[in-house]
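In what follows, a structure is listed as structure tokens, so that the remarks can point back to it.
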Amino acid sequence: MSYIHIKVEPNVSGFGAIVTGVDLSPPVSANVIHEIMRALTKHSVLSFPEQALDADKLQKFSAQLGPFGEDPYIRSMERFNHVIEVKRGAGETAPIFGSLWHSDWSFQEEPPSITCLYGVNVPPHGGDTLFADNYRAYESLANEVKSRIATLNGVHSATRAYSPKGLFSNDDKTRSMKILVSSSAEETVTHPLVRRHPSSAKKSLYVNHVYTIGIEGLNSGESDALLNELLSVSVQTEFIYRHRWASGTLVLWDNRCVAHLAEGGYEGYDRLMYRTTIAGESPVSGIY
Ligand code: SIN
């Protein structure tokens, strides 16, 4: 299906695409939004190079994609309360935000559908974001594994990151981001291991290294073994798209079928991104 309002150049693998021919800084028409959503459903990760956005414009563009998601544990910008600054200073030694595989806020009952990340100040090297295609991960599983996991649920929690015992609990004075550690991060929710996307109707493997902490109903040995197997499949090299940033690029990804991580490798340089999330829905099992 072709596009009238945007130009979409898919990556060779079909996972991820570059979108040009549209200026996202003024409000765009409903037709443009419709085409962007269609391209996102098809390619799961979209990058829009050379966009002249600031926090206000990113927030306004994001609002056209749907209602905002709830972003816990990170203090948003004072004047733009749906925008988070993902930032790291040149001399910072604190753990990198988002540096392990995750799907945004999968510990929520209704995790965000889409995340928007805009490159404000991008280092000359390093700082890539890697995306893993969870549709292909699911498709690659043996039929026997697909049947085994069809009705199972993963247990998700923010505990490893944001609880008082989590990765961000040390009060590292060099950290630029304001992270709000809380015991509420120890709460758990369950989501199907195989989820069906509401727009594409395709099944994806819905597990991630940070927030999926077990599998409901299995003893800990079985749970660890199966979860580790699924996690390692989910991030196999052939399912990954590496995004190299340039300042002024906006990237959208669909958390319902994509996991991601932020790489380091830019010591001595600042990195600043603006980030918003769009509300999602309670994940629906692939058996329906
Ligand atoms: C994130 O996990 O949202 C941050 C990704 C990045 O900084 O590249």
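Of everything in region 124-145 that's within 15 Å of the ligand (Cβ to nearest atom) and surrounded by fewer than 20 Cβ atoms within 10 Å (Cβ to Cβ), which residue is nearest to L53 (Cα to Cα)? Filtering first and then ranking leaves D128. Across region 235-253, the qualifying residues are those that are of a type outside the set (A, V, I, L, M, F, W, C) and within 16 Å of the ligand (Cβ to nearest atom), and the one among them that is nearest to M37 (Cα to Cα) is T249. Checking each residue in region 259-288 for being away from the ligand (no atom under 11 Å from the Cβ), over 20 Å from S76 (Cβ atoms) and in a strand (DSSP E or B) picks out V284, S285.
Just to be sure before I move on: is F61 assigned to a helix (DSSP H, G or I), over 30 Å from N228 (Cβ atoms) and of a type in the set (F, W, Y) in the structure I sent?
yes
Just one of the numbered conditions (1) modelled with pLDDT of 95 or more; (2) of a type outside the set (F, W, Y); (3) not in a helix (DSSP H, G or I) is not true of S13: (1).
Evaluated against (1) out of contact with any Ser or Thr (no Cβ under 7 Å at 6 or more places or on another chain); (2) in a loop (DSSP other than H, G, I, E, B); (3) more than 14 Å from I278 (Cα to Cα), E70 falls short on exactly one condition, (3). Are any of the residues in region 88-104 modelled with pLDDT of 95 or more, within 30 Å of S29 (Cα to Cα) and within 13 Å of the ligand (Cβ to nearest atom)? Yes - at least one qualifying residue is present in region 88-104.
The set of residues in region 193-234 being more than 30 Å from H34 (Cα to Cα) and surrounded by fewer than 16 Cβ atoms within 10 Å (Cβ to Cβ) consists of E216, G217, L218, N219, S220, G221, E222, D224, A225, N228, E229, S232.
The values are calculated or read from the model by the stated rules, or taken from the named source; none is laboratory data. Being a predicted model, the structure only gives us computed values, none of them experimental. Neighbour counts run over all protein chains shown; Cβ positions are idealised from the backbone, glycine included.
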